[in-house]
1. Which of the following residues is away from the ligand (no atom under 11 Å from the Cβ), farther than 16 Å from GLU95 by Cβ and modelled with pLDDT of 95 or more: ASP12, ASP32?
2. Can you tell me how many residues in region 28-58 are among the acidic types (Asp, Glu) and open to solvent by 40 Å² or more (accessible area, probe 1.4 Å)?
3. State yes or no: is THR21 within 25 Å of the chain's Cα centre (by Cα) and either of a type in the set (Val, Ile, Thr) or more than 13 Å from the ligand (Cβ to nearest atom) (or both)?
4. Could you please let me know if GLU412 is touching a residue at least 40 places away in the same chain (Cβ under 8 Å), over 26 Å from PRO20 (Cβ atoms), in contact with a Pro (Cβ under 9 Å, 6 or more places away or on another chain) and surrounded by fewer than 17 Cβ atoms within 10 Å (Cβ to Cβ)?
5. Applying the selection to region 119-169, what residues are over 19 Å from the mean Cα position of the chain (by Cα) and aromatic (Phe, Trp, Tyr)?
6. Of all the residues that make up region 133-159, how many are open to solvent by 70 Å² or more (accessible area, probe 1.4 Å) and away from the ligand (no atom under 14 Å from the Cβ)?
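The values are calculated or read from the model by the stated rules, or taken from the named source; none is laboratory data. Small disclaimer: the values here were computed from a predicted structure and weren't measured. Cβ sites come from the backbone with ideal geometry, for glycine too, and all protein chains shown count toward neighbours. Protein only, heavy atoms only, side chains kept; ligands, DNA and RNA dropped before computing areas. Shrake-Rupley method; radii C 1.70, N 1.55, O 1.52, S 1.80 Å.
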Amino acid sequence: MSKALEGYRILDFTHVQSGPTCTQLLAWFGADVIKVERAGEGDATRGQLRDIPDVDSLYFTMLNHNKRSITVDTKKPKGREVLETLIKHCDVLVENFAPGALDRMGFTWERIHELNPRMVVASVKGFGPGKYQDCKVYENVAQCAGGSASTSGFDDGPPMVTGAQIGDSGTGLHLALGILAALLQRHNSGRGQKVLAPMQDAVLNLCRVKLRDQQRLERTGTMHEYPQYPDGTFGEAVPRAGNASGGGQPGSILKCKGWETDPNAYIYFITQAAVWPAVCKVIGEEGWITDEAYATPAARLLHLKPIFARIEKWTMTKHKLEAMEILNAYDIPCGPILSMKEIAEDASLRESGTIVEVDHPTRGRYLTVGNPIKMSDSPTQVKRSPLLGEHTVEVLAQLGYSQSQIEALREERVI
Ligand code: COA
């Protein structure tokens with residue numbers, strides 16, 4: 001079966017996490033992704049967080065599937081020539097170097113556009129234009145600057161970063177979408193364009209609902225679905241809401257059977273208005289269906305703490321998966337807190353190809369996350385990440401380099 005992006009060639013000049021997330025997705029959609037790395041060391045993540053000596057780390061292997069790797073020293077004139085040839089050959093250049101690095105290498109937008117007017121040049125940077133535009137940025141910096149940290153955690157604790165890599169992988173996703181839109185526009189315009197996804201902006205986009213709440217707070221001075229209501233006070237900025245849903249349907253994380261010893265024996269419980277009578281029946285509080293202190297969503301907002309305390313008395317008598325089964329029968333939305341160990345063993349995720357086992361020549365078999373986007377006419381087959389420079393000769397030959405030219409590049413330590 002053909003693939004959605006078959007025939008598209010991506011010059012993957014990315015490293016670490018944000019850029020590689022983007023190009024891995026493009027590879028899964030069928031594009032030929034050629035990862036350009038520095039000879040000798042390659043992407044720094046190959047050697048970071050290693051669990052097996054001298055073997056590409058899981059950090060690297062899990063972010064670089066289905067790509068080809070070529071080593072080129074782009075700071076040497078002959079290396080720059082190779083990059084120029086690749087620019088002419090590819091549809092998209094993706095990079096996430098520190099601001100200015102590509103320009104310093106001699107590849108300004110103007111130069112790339114001159115070499116290949118159809119090329120889309122896509123970049124991740126920490127910040128967009130402005131006073132922080134020159135800063136180097138990693139995941140947690142973006143989470144802090146994009147509004148996630150100030151709105152995560154508990155009200156009586158410090159700001160908190162999340163485990164989900166919304167700054168890196170989240171920005172990579174945004175960039176992939178921008179690239180696809182630019183390729184579609186190129187069909188009509190015939191021209192490539194610059195695509196920029198700043199990490200701060202991408203995190204803010206994912207924190208959109210918190211900027212919504214900021215404006216609600218400024219207008220009304222309160223927010224009834226936040227845990228600070230009705231007894232606490234609100235300041236000038238959106239407060240941290242702990243595990244409250246913060247949305248239109250109150251929710252909370254509640255203990256389940258075994259919580260004393262199992263750190264993940266919890267369930268997220270949502271008291272959706274439509275199923276309130278069912279919630280009351282399940283927990284044995286049928287009187288609450290008509291009691292005016294609990295009967296309407298507005299009345300319940302005044303009593304959320306005692307309501308969830310009472311529901312928790314019930315959830316503490318059930319294993320989290322048992323509770324989920326009982327609640328699902330009533331269409332009561334809930335979610336067990338699954339550990340990474342449980343997720344790794346999840347039969348449905350394995351069946352759907354979202355959890356995949358992959359063979360690697362030096363690492364052996366390892367577990368990874370496959371393509372979370374499922375397409376009926378473009379199925380994903382997850383292939384192992386490339387070894388450093390594994391495809392250098394193959395790609396150079398495709399670009400028209402002769403065997404003796406390739407040898408000369410090797411002798412001059414360009415590749
Ligand atoms: N041959 C020769 N030199 C190469 C090369 C190659 N194939 N590939 C990269 N380089 C050089 C670059 O030219 C640059 O050199 P310069 O600083 O002399 O101009 C250098 O390697 C890359 O530097 P940099 O991007 O600054 O790497 P770093 O490890 O110091 O910083 C980041 C890492 C992530 C902080 C930085 O790249 C960054 O801020 N990126 C944008 C935001 C981002 O994506 N952050 C999230 C990462 S998950």
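1. ASP32
2. 4
3. yes
4. Spelling it out, it is not the case that GLU412 is touching a residue at least 40 places away in the same chain (Cβ under 8 Å), over 26 Å from PRO20 (Cβ atoms), in contact with a Pro (Cβ under 9 Å, 6 or more places away or on another chain) and surrounded by fewer than 17 Cβ atoms within 10 Å (Cβ to Cβ).
5. Across region 119-169, the qualifying residues are TYR132, PHE154.
6. 5
For (1) within 10 Å of the ligand (Cβ to nearest atom); (2) under 21 Å from GLN17 (Cβ atoms); (3) of a type in the set (A, V, I, L, M); (4) open to solvent by less than 60 Å² (accessible area, probe 1.4 Å), each residue gets a yes or a no:
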| position | (1), (2), (3), (4) |
| --- | --- |
| VAL121 | no, yes, yes, yes |
| LYS125 | yes, yes, no, yes |
| LYS131 | no, no, no, no |
| THR162 | no, yes, no, yes |
| GLN165 | yes, yes, no, no |
| GLY172 | yes, yes, no, yes |
| LEU180 | no, yes, yes, yes |
| GLY190 | no, no, no, yes |
